[in-house]
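Peer 1: Here you go, one structure.
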Amino acid sequence: MKYPIAHEETDDRGAFYIEQEGKRIAEITYRRTNAALIDIDHTIVDPSLGGQGVGRSLLDTLVQWARATQTKVTATCTYAKAQFAKDASIRDVLSA
C-alpha cells in the first residue's frame, strides 16, 4: 500500500511524514544548517508499517525534494547514513 507523504518546514526544522487519522505514523526529520544545506537527524516508522519500505520511501521523497530545490544533505540519522552508504544512486545530494 502506498501512503501519501507530506512535507513541512518551519524555521530551521522540517519533516517528510505520513499521517493516519491525525497521527504521524512515520517521519524523517531534518534540521536546516543554512539556506542550501540540511542534516537528516531522525527517521521513525510505526512498527505496524515495518517491512513495507516506508522509511526508504520517506528518504527517496526527501532526496527528490533536495534535487529539485538544489539543497545539499548531510545525515546524522543512522538509518539515512546506512541508506546513503548502500545506494550510490542517491549520493548526489550529499554535501562534499
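Peer 1: Could you give the angle, 0 to 90 degrees to the nearest 10, between helix 54-69's Cα long axis and the longest principal axis of the Cα atoms of the chain?
Peer 2: Here the helix axis deviates by roughly 40 degrees.
Peer 1: Ok, one more. Count charges around Glu9 for me, please; just the other residues with Cβ under 11 Å from its Cβ, Lys/Arg as +1, Asp/Glu as -1.
Peer 2: So the environment of Glu9 carries a net charge of 0.
Peer 1: Separate question: Restricting to lysines 8 or more places apart or on different chains, can you count the pairs in the chain with Cα atoms under 24 Å from each other?
Peer 2: Counting lysine pairs in the chain gives 5.
Peer 1: Suppose the chain between Glu19 and Lys86 were pulled fully straight at 0.36 nm per residue; how much longer would it get relative to their current alpha carbon spacing?
Peer 2: Extra length available between Glu19 and Lys86 comes to 21.4 nm.
Peer 1: ³J(HN,Hα) across segment 70-76 via Karplus (A = 6.51, B = -1.76, C = 1.60, θ = phi - 60°), whole Hz, x for Gly/Pro?
Peer 2: Taking θ as phi minus 60°, the curve returns 6, 9, 8, 10, 10, 9, 9 Hz for segment 70-76.
Peer 1: Using θ = phi - 60° and the Karplus form 6.51 cos²θ - 1.76 cosθ + 1.60, what ³J(HN,Hα) does each residue of segment 81-96 get, whole Hz, x for Gly and Pro?
Peer 2: 4, 5, 5, 5, 5, 7, 10, 5, 5, 10, 6, 4, 8, 5, 6, 5
Peer 1: What ³J(HN,Hα) values, in whole Hz, does the Karplus curve 6.51 cos²θ - 1.76 cosθ + 1.60 give for segment 41-49 when θ = phi - 60°, with x put for Gly and Pro?
Peer 2: Values per residue, Gly and Pro as x: 10, 6, 9, 9, 10, 4, x, 5, 9 Hz.
Peer 1: Shifting gears a bit: Compute the relative contact order of the chain as a whole-number percentage, counting only Cα pairs closer than 8 Å that sit 6 or more residues apart in sequence.
Peer 2: 22 percent
Peer 1: On to the next question. How much of the DSSP beta bridge set in the chain is antiparallel, as a percent to the nearest 5?
Peer 2: Values: 21 of 26 bridges.
Of the beta bridges lying entirely in the chain, close to 80 percent run antiparallel.
Peer 1: Pull out the extension gain between Glu8 and Gln70, defined as 0.36 nm times the separation in residues minus the alpha carbon to alpha carbon distance; nm, one decimal.
Peer 2: Working: separation 62, 0.36 × 62 = 22.32 nm, distance 1.71 nm.
Extending this stretch completely gives an extra 20.6 nm.
Peer 1: Would you tally the net charge around Leu62, using a Cβ to Cβ cut-off of less than 15 Å, leaving Leu62 out, and scoring K and R as +1, D and E as -1? The partial results should precede the final answer.
Peer 2: Details: positive: Arg13, Arg31, Arg32, Arg56, Arg67, Lys72, Lys81, Arg91; negative: Glu8, Glu9, Glu27, Asp39, Asp41, Asp60, Asp87, Asp92.
Cβ neighbours under 15 Å give a net charge of 0.
FYI, it's all coordinate maths here, none of it is from the lab. Everything numeric in this text was worked out from a predicted model, so none of it was measured. Virtual Cβ from ideal backbone geometry, glycine too; neighbours counted across all protein chains shown.
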